[in-house]
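The values are calculated or read from the model by the stated rules, or taken from the named source; none is laboratory data. Predicted model only: the values in this text are computed from it and were never measured. Positions of Cβ are backbone-derived with ideal geometry, glycine not excepted, and every protein chain shown enters the neighbour counts.
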Ligand SMILES: [Ca+2]
Ligand SMILES: [Ca+2]
Ligand SMILES: [Zn+2]
Ligand SMILES: [Zn+2]
Ligand SMILES: [Zn+2]
Ligand SMILES: [Zn+2]
């Protein structure tokens, strides 16, 4: 039936079948053992996901594993990384813990990987310690005013700067080794004691918990940019990798960090550098106070990380579309964790498996087959830089680009159980709202996810009045990155999250530590799995609507509203200075106006059509306009130094301004250098963005 | 009617209505005055094409002009370029002609532009003359063995190397000025006398004829790569333009060239440097023979070319599609000439206008409306580097890329009246053959264009046996370049051409001179306009088939055959050396095999379908596979230094090998430098091509 459309009764049925018990059992199964990418535990999850998707009663039409040979970085289990304080005769005065304290059985699992900074080079580094706040360029500049940083070791706290970038910033000043820790002020609302304050007594991070992570800047396999990493694929020499630490780097827990920081000599650090420890944070003499047990000792890093090219698997599954099999809706999450990864990523995988169970059963029972094809992706090696999803998009670039209607990413499905959050292309806003209105908020009788959400995060839209605030997908925080930035596919990333009035935690505190376990998730993050259920229902509802709607549920007028807001900001911030440089913003202003006009015009065409009764090629024409509009924002040459960033509206920006990223960054640069060539780059980016928006408007305009 | 298909009766009607008289009158009208890009004559042709396409009885649905502000280069009419021979006291001993001899009224038209090298810098250059053959790197290397080239003026003949590249090669050796001429051996089969041998007595070039041309390497507006050149578009500084002559450069006629060359001193030039003049070509002392009238004189160039940003117009016209208006078939040719441009480009424009007259009347009479939309483009400023078509593709990149089924380019429609020639993506071969079989060969009763063609240029296909040889679209010789290389659109470029057993002329001899006139075309190139008619019928037939076929007439198995031939060559030439460097060609071999399999598979799907009676979405699915397959060959990063070249199969190559261009060029480089990093680039290109072919195969495979 070419006019097949969304069946609201089927959506109700779907919502009713998403079960908290199933979600809980999925999570239990997925978190039995640590499953870092390519580890034996990872292989267990590959098999588990495959088993679920190949289940004859609740599985998909087809499921398979798909491997890439990717460059990962691991510590040496036989020769662990060491951080010590040693005196001048090399006597060890202090040793940083090599693993986290065991509270439940989980931390004792031999598969728990030692905390490490993935892609930090191996090597030995020794020097006097300094405290460098968050390791931002400005932090090292400040230190450098009074301290000769050459040959020192710097200790920095997480936050404010990318992980690997801290080391790159440090090395620029001659720092030879870097420590990174989580300050209790940033993560624990100041709490520090595992006697009664931190996990296992609460969700807060225990004193020995350490955030692991990829210390790389670019996403995708670092050796094979733009090429899928197969057996014989060309690989750049490892020494040509950019954006990784040039110096040995190691993350440590805050218990050890406090021992080091509280012993530092030197001037008192600025007020906004002070953290949660019960001592004054000094900058370092460099080195320790004479009065401290460490006196003139140095800190020494012995890092034994190794790079390795290893097989990482995506697990893929499909439900074939009945009417438009050549249109894809993709739903994905990574499968790999740092340790047990209950919240990150298994809370998302638990949701994905529950959605596939409910939909798979409908398919197997012959009750349903979507209009469009649905592809599920359980991505590998995300924690090392979104590798599985990036390689997938590299391999299938044209096919995905030409056929994909939308991508839904649910990584961590529940950061906390207070409210929904979503980041998406603006054209998806309406379908998100529609779905969120049909789902009950966890623990709140007769309140929808939508009504709950609007209380926590809202904005006043010129068109819609007060509505929940949907964020933008600017960064590369999870596997949506390749779909948004590289492919220009209309995407959403969503989860349940915090009540920000109750915590200032940077993220849920067990993030990337050995405490992110089933016990932690089920006791402190989402007791009863009701937030998991709400996310599963909302995401599944969106998925069904994307797959089944006769007319794609994308509203381009909402995209226009976002472009108008970006434009307002750009005009306010830049127009006067640009006019002085003879750079006109008129083409950009005109382009946004044309986009608005085209979006309104397409809307009129839709309103005045009887799509279910006209030729199926008519709705296909409009759907193609809606689907492909976002592709017009891609420019593969606009950001030549940033892997995969091609979307000129949502690319990441270091400017921090809510406007067109290329213009904002180029303006900041020109405004600081005052070079004519840099003003030329601003002009270039104005032209690039204007042309992209005109191109997007052309996609919405009458086709000929 | 969603099952609308090609109507063979309509094609017959179309063929019968293409008239030689109309073609002749089109050509007469188009060549009344010189119409160099943006000149008053160009504006007259803009208005004429618009008038034709807006004609209420024979016009299109809509037609409009579309302007870009592009960077062109012109001589100064008030201060003509001069080339002189002067002695040591600056007395002028000889002056090169500033304009061509007048034989018909045409050459006396004040709008005839002085011969010049577009994009040559203005400036004065003076030095002893040397003869540098074709100006290839090897030519200057040879000269440099015995002559210090610093400060010399070099004279080179056309051919063997790009126009502007001759000057770039020269400057690398310290040459300060460059002359370029057409050797009678290369163009006139040795004939030289305008008393009885050359035009107006034959098609051969008169002694004072000069080939004008763009001396630039890249196509598209040189100041706005990848951005449509609008009013406020960012422009690179003119001093940042690359690929244009670094030294003053001027083309001259062979009469003057012979005066200079025959007076040269120095060693005798190698045998294959000797040309058609009745003298020995010496290398130059440097400079002239003491016995010559010029003795120790120097040659002086006074070049007054100016760059200018000017409005150039494309004229666009459309016939809206009835069933799939969002699918485009584009047919184009440039409108601008160097002088009267009867053959280049007006023979093509005459054909385009005859096709639009016949089709336009059918549309206006309500007898026909194509299934898909047809877009006609009369491009501006092609002679300066395919600028109009390139700007058009930059402006509408996404829309054209997503919707264009095919592009047909007919620039010079008749080089000569012997046989058809066509270059195309291999998937177009079958529709070309089909059309060529339905058209009578000019002047040959009961012989088709196809049957005539196969006598002149043929090959033995593993699949089809003996067939006419369809060429590849590797270069950037006309406006197909942006469609093929930048957009990856399945394209064809065609014309009638020479009997190669009768002439060795590099191209028709009046090319880019003031002798390319209606008189020349109608007396010597295509008396009776029968070859014009055959091209119009063949191209129009192809156009109708692309626009009307229910199933797109693209045969991907023919693409497979070409890929297999490329692969065979690559394996033969490179595999042994690559294995020695540990570079496997296996992924490439596998990719070509997968492409073949996918093409066969899709063919089976097509054969086993009853497309006219199934849902229109089924044929649309297959058509999208066929249409978009070529896009998978695009890689915007594979050739970072070559504007617009993204198609990894058809990109231009300097290797001269009939195989994958990126691999061939990288291999040649590595094989000469022996650098590991260069072998790495070979490996990179093997991976790029293999991934592209796999991606193309994925487009043909079952969609899910
Ligand atoms: Ca890769
Ligand atoms: Ca341009
Ligand atoms: Zn994650
Ligand atoms: Zn993570
Ligand atoms: Zn031409
Ligand atoms: Zn030309």
Is there a residue being within 30 Å of residue B:620 (Cβ to Cβ) and in a loop (DSSP other than H, G, I, E, B) anywhere in region B:573-582? no
Notebook entry, point to check: Out of all the residues in region A:659-671, is one or more under 26 Å from the mean Cα position of the chain (by Cα), under 14 Å from residue A:573 (Cα atoms) and in a loop (DSSP other than H, G, I, E, B)?
Noted result: yes
Check: Can you find even one residue in region B:310-318 that is more than 27 Å from residue B:646 (Cβ to Cβ), within 14 Å of chain A (Cβ to nearest Cβ) and more than 16 Å from ligand 1 (Cβ to nearest atom)?
Finding: yes
Restricted to region A:381-391 and to residues being more than 10 Å from ligand 1 (Cβ to nearest atom) and touching a strand residue (DSSP E or B) at 6+ places or on another chain (Cβ under 7 Å), the residue farthest from the other protein chains (Cβ to nearest Cβ) is A:383
Residues in region B:280-314 that are over 25 Å from residue B:245 (Cα atoms) and surrounded by fewer than 20 Cβ atoms within 10 Å (Cβ to Cβ) total 8
Of (1) within 14 Å of another protein chain (Cβ to nearest Cβ); (2) part of a loop (DSSP other than H, G, I, E, B), residue B:239 fails just (2)
Residue A:102: passes all of (1) within 25 Å of the chain's Cα centre (by Cα); (2) in a loop (DSSP other than H, G, I, E, B) but (1)
Exercise for the section: Assess whether residue A:149 counts as being buried (at least 19 other Cβ atoms within 10 Å of the Cβ) and in a strand (DSSP E or B). Expected result: no
Among residues of region B:26-72 being away from every other protein chain (no Cβ under 14 Å) and assigned to a strand (DSSP E or B), the residue farthest from ligand 3 (Cβ to nearest atom) is B:36
Picked from region B:572-598 (must be closer than 26 Å to residue B:428 by Cβ and touching a helix residue (DSSP H, G or I) at 6+ places or on another chain (Cβ under 7 Å)), the residue surrounded by the fewest Cβ atoms within 10 Å (Cβ to Cβ) is B:589
Condition test on residue B:53, is it crowded, with 19+ Cβ neighbours inside 10 Å and more than 20 Å from residue B:207 (Cβ to Cβ)? yes
Going through region B:610-652 in order, the residues found to be under 23 Å from the mean Cα position of the chain (by Cα), surrounded by fewer than 20 Cβ atoms within 10 Å (Cβ to Cβ) and either more than 9 Å from chain A (Cβ to nearest Cβ) or assigned to a helix (DSSP H, G or I) (or both) are B:641, B:642, B:652
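Matching residues to (1) within 16 Å of ligand 6 (Cβ to nearest atom); (2) buried (at least 21 other Cβ atoms within 10 Å of the Cβ); (3) within 14 Å of another protein chain (Cβ to nearest Cβ):
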| residue | (1), (2), (3) |
| --- | --- |
| A:182 | no, yes, no |
| A:191 | no, no, no |
| A:201 | no, no, no |
| A:211 | no, yes, no |
| A:233 | no, yes, yes |
State yes or no: is residue A:348 crowded, with 24+ Cβ neighbours inside 10 Å and away from ligand 1 (no atom under 16 Å from the Cβ)? yes
Scanning region A:170-216 for residues that are assigned to a loop (DSSP other than H, G, I, E, B) and within 16 Å of ligand 4 (Cβ to nearest atom), the one farthest from residue A:104 (Cα to Cα) turns out to be A:216
Practice problem: Can you confirm whether region B:341-357 contains a residue that is within 16 Å of ligand 2 (Cβ to nearest atom), more than 14 Å from chain A (Cβ to nearest Cβ) and either farther than 29 Å from residue B:101 by Cβ or assigned to a strand (DSSP E or B) (or both)? | Solution: no
Counting only residues that are crowded, with 22+ Cβ neighbours inside 10 Å, under 30 Å from residue A:327 (Cβ atoms) and more than 8 Å from chain A (Cβ to nearest Cβ), region B:653-704 contains a total of 6
Just one listed residue, out of A:269, A:291, is modelled with pLDDT of 95 or more and either touching a helix residue (DSSP H, G or I) at 6+ places or on another chain (Cβ under 6 Å) or at negative phi (or both), and it is A:269
Requested in this report: Confirm whether residue A:360 is away from every other protein chain (no Cβ under 14 Å), more than 22 Å from the chain's Cα centre (by Cα) and buried (at least 24 other Cβ atoms within 10 Å of the Cβ).
Outcome: yes
Looking at the structure I just gave you, is residue A:336 buried (at least 24 other Cβ atoms within 10 Å of the Cβ) and either in contact with a strand residue (DSSP E or B) (Cβ under 9 Å, 6 or more places away or on another chain) or within 30 Å of residue B:698 (Cα to Cα) (or both)? yes
All conditions in (1) within 29 Å of residue B:24 (Cβ to Cβ); (2) touching a strand residue (DSSP E or B) at 6+ places or on another chain (Cβ under 6 Å) are true of residue B:448 except (2)
>> Among the residues that make up region A:599-609, is at least one of them under 21 Å from residue A:402 (Cβ atoms), surrounded by fewer than 24 Cβ atoms within 10 Å (Cβ to Cβ) and within 13 Å of chain B (Cβ to nearest Cβ)?
In response: yes
Every listed condition ((1) touching a helix residue (DSSP H, G or I) at 6+ places or on another chain (Cβ under 9 Å); (2) crowded, with 20+ Cβ neighbours inside 10 Å; (3) more than 22 Å from residue B:484 (Cα to Cα); (4) more than 14 Å from chain A (Cβ to nearest Cβ)) holds for residue B:222 save (3)
Reported set for region B:122-135 where residues are closer than 22 Å to residue B:243 by Cβ and surrounded by 18 or more Cβ atoms within 10 Å (Cβ to Cβ) is B:125, B:132, B:133, B:134, B:135
